[in-house]
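What follows is a set of notes on a single structure, which appears directly below.
What follows draws every value from the coordinates through simple rules; no lab data is involved. Keep in mind the model is a prediction, meaning the values are calculated, not measured. Positions of Cβ are backbone-derived with ideal geometry, glycine not excepted, and every protein chain shown enters the neighbour counts.
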C-alpha cells in the first residue's frame, strides 16, 4: 500500500502537467475577438462560425518567402499528427497584404498546405482593425511585410487559450491542440 501511495504522489504532478499547455497561456482565457472578413471559400468568414473546433489563427501573406510557408507547413503537420482528431482542428489565416491577397489567391496558396485551411482578406482598414484587436503588427517593407509571426490557439468555446511562437516544435503544438480538443 505504501508503494501505491508513493507512486500516486509522484504521478499526480505528472498527470497535472500532461494537461498543461506548452505554449504561452492566456490566464484567464478570454473570448477571441470575432470578425467577419471575405473568406478564401468565396463566402464571408466569421471566426465564431468555427466554434466547436480548435482554431489555429495566424496572420501572414501569400508572397512571404520563409516564415509564413514554414508556419503553414508546420500547421499541416500538426493536423496530420492529430489523425482522426484533425477533423476538429481548423487553421484560419488572415492576410496582412490585402492588395495582393485576393480570396482566390489565398485559396490556392492555403490548399497547397491542406485543403481544409481557410484564409481571410478584406479592405486594408478592416484588416488593420482585426490586427489591432489581436495585437498583431504588420509593416510594409519593399515588396513584403515584417509582421507578428505567432499563432493563436482558440478553444472550442471561442476563447483565446494559447499563443504559440514561431518555431515552436510541431509536437508541442500537437500536444496543446489535443489538450484543447479533449476539454
Inset, instruction - Filter segment 27-40 down to the residues that are in contact with a strand residue (DSSP E or B) (Cβ under 6 Å, 6 or more places away or on another chain) and assigned to a loop (DSSP other than H, G, I, E, B), then identify the one that is farthest from residue 151 (Cα to Cα). - result: 40
Legend entry - Pick from segment 46-96, criterion in contact (Cβ under 8 Å) with a residue 12 or more places away in the chain, part of a helix (DSSP H, G or I) and touching a helix residue (DSSP H, G or I) at 6+ places or on another chain (Cβ under 6 Å), ranking: nearest to residue 154 (Cα to Cα): 88
Legend entry - Those residues of segment 57-69 which are surrounded by fewer than 20 Cβ atoms within 10 Å (Cβ to Cβ) and within 9 Å of residue 149 (Cβ to Cβ), in sequence order: 67
Inset, instruction - Could you tell me which numbered condition residue 125 fails, if it satisfies all but one of (1) outside any loop (DSSP other than H, G, I, E, B); (2) more than 15 Å from the chain's Cα centre (by Cα); (3) within 24 Å of residue 173 (Cα to Cα); (4) free of Cβ contacts under 8 Å to residues at least 40 places away in the same chain? - result: (3)
Inset, instruction - Name, by its number, the condition in (1) touching a strand residue (DSSP E or B) at 6+ places or on another chain (Cβ under 7 Å); (2) closer than 29 Å to residue 42 by Cβ; (3) crowded, with 21+ Cβ neighbours inside 10 Å that does not hold for residue 176. - result: (2)
Inset, instruction - Considering (1) in contact with a helix residue (DSSP H, G or I) (Cβ under 7 Å, 6 or more places away or on another chain); (2) surrounded by fewer than 17 Cβ atoms within 10 Å (Cβ to Cβ); (3) closer than 19 Å to residue 39 by Cα, say which one residue 123 fails and leave the rest. - result: (1)
Legend entry - All positions within segment 72-96 that are more than 13 Å from residue 178 (Cβ to Cβ) and touching a strand residue (DSSP E or B) at 6+ places or on another chain (Cβ under 6 Å): 75, 90, 91, 92, 93, 94, 95, 96
Legend entry - Failed item in (1) on the phi < 0 side of the Ramachandran plot; (2) out of contact with any strand residue (DSSP E or B) (no Cβ under 6 Å at 6 or more places or on another chain); (3) free of Cβ contacts under 8 Å to residues at least 60 places away in the same chain; (4) surrounded by fewer than 17 Cβ atoms within 10 Å (Cβ to Cβ), with residue 142 passing the rest: (1)
Inset, instruction - Give the residues of segment 156-172 that are in contact with a strand residue (DSSP E or B) (Cβ under 9 Å, 6 or more places away or on another chain) and either more than 18 Å from residue 34 (Cβ to Cβ) or surrounded by fewer than 21 Cβ atoms within 10 Å (Cβ to Cβ) (or both), sorted by residue number. - result: 156, 157, 158, 159, 160, 162, 163, 164, 165, 166, 168, 172
Legend entry - Residue check for residue 133: exposed (fewer than 13 other Cβ atoms within 10 Å of the Cβ), in contact (Cβ under 8 Å) with a residue 40 or more places away in the chain and either assigned to a strand (DSSP E or B) or on the phi < 0 side of the Ramachandran plot (or both): yes
Inset, instruction - State which residue is surrounded by the fewest Cβ atoms within 10 Å (Cβ to Cβ) when the search covers only segment 97-113 and only residues that are touching a helix residue (DSSP H, G or I) at 6+ places or on another chain (Cβ under 9 Å) and either part of a helix (DSSP H, G or I) or free of Cβ contacts under 8 Å to residues at least 40 places away in the same chain (or both). - result: 99
